[in-house]
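**Q** Please read through the structure below; I'll follow up with questions.
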Amino acid sequence: GSPARTGAAPSRAPGTIDETARQVRALGRRALPLPVDVTSVEQVEAMARRSLGEFGRLDVLVNNAAYMYRSPFYKTPLERWDLVLNVNLRGPVICTQAFLPHMMERGGGRILNISSAAAVMLLPEIVSYSVSKSALETLTRGMADQLRESGIAVNALRIESAVATEGAVF
């Protein structure tokens, strides 16, 4: 996986985490841009420790990182299949598990998993992406059921149109 847009590599989508942080600070708010590979347990845990140390709490976790590889299923290299599933499904699991103890200790929080219309549509060129988003929605339902009693709401937001970034291969 690759970390958030840091400005180090060209991007087809506007903005970097540093530019976003500057905009947040210009509004009089605090921001802490932390590039992280969501497939790395160590990096995610370090990000969780640093952000909780800086802000003291987490109210909302948005699992937004995504990767898409465009290819017919039978031509998709296994390492690309694995990368799609690792970023789009395992990443939210790692991030949620890193912050969940804090949310449970506080007695509440919100988790938002970003999905896609591809979760329910047959799109032959992005089967791995569709599988990952469908699984993410199933994960969301399971987490919501298990965490309800902890005061933690878990939802998925299904995006209806694609946003082309450096994570998409067209």
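The values are calculated or read from the model by the stated rules, or taken from the named source; none is laboratory data. Just so it is clear, the model here is predicted, and its values are computed rather than measured. Surface accessibility is based on the protein's heavy atoms, side chains included, excluding ligands, DNA and RNA. Shrake-Rupley method; radii C 1.70, N 1.55, O 1.52, S 1.80 Å.
**Q** Quickly estimate the mean residue ellipticity at 222 nm for the chain, helices only: each DSSP H run with n ≥ 4 gives -39500 (n - 2.57), and the total goes over all residues, rounded to 500.
**A** Helix contribution divided over all residues of the chain: -13500 deg cm²/dmol.
**Q** Then there's this: What do you get when you divide the Cα radius of gyration of the range 113-162 by 2.2 N^0.38 Å, with N the number of residues?
**A** 1.25
**Q** How high is the relative contact order of the chain, given as a whole-number percent (alpha carbon pairs under 8 Å, six or more residues apart)?
**A** 25 percent
**Q** Still on this model: So which DSSP H runs in the chain come out at 15 Å plus along the axis (Cα) with average Kyte-Doolittle of at least -1.0?
**A** 41-55, 91-106, 127-147
**Q** Determine ³J(HN,Hα), in whole Hz, for all residues of the range 65-74 in sequence, where each value follows from phi through the Karplus function 6.51 cos²θ - 1.76 cosθ + 1.60 and θ = phi - 60°; x replaces Gly and Pro.
**A** Once θ is set to phi - 60°, the couplings for the range 65-74 become 4, 8, 9, 10, 10, 8, 5, x, 3, 6 Hz.
**Q** Also, I was wondering about something else. Out of the total accessible area of the chain (probe 1.4 Å, heavy atoms of protein only), what percent is carbon and sulfur?
**A** 54 percent
**Q** I've got another one for you. Enumerate the amide H contacts of residue 154 below 5 Å, restricted to partners 5 or more residues apart or on another chain; note that Pro and chain-start residues carry no placed amide H.
**A** Sorted by chain and number, the residues that satisfy this are 111.
**Q** Accessible area per residue of the range 56-163 at 1.4 Å probe, in Å²?
**A** 54 Å²
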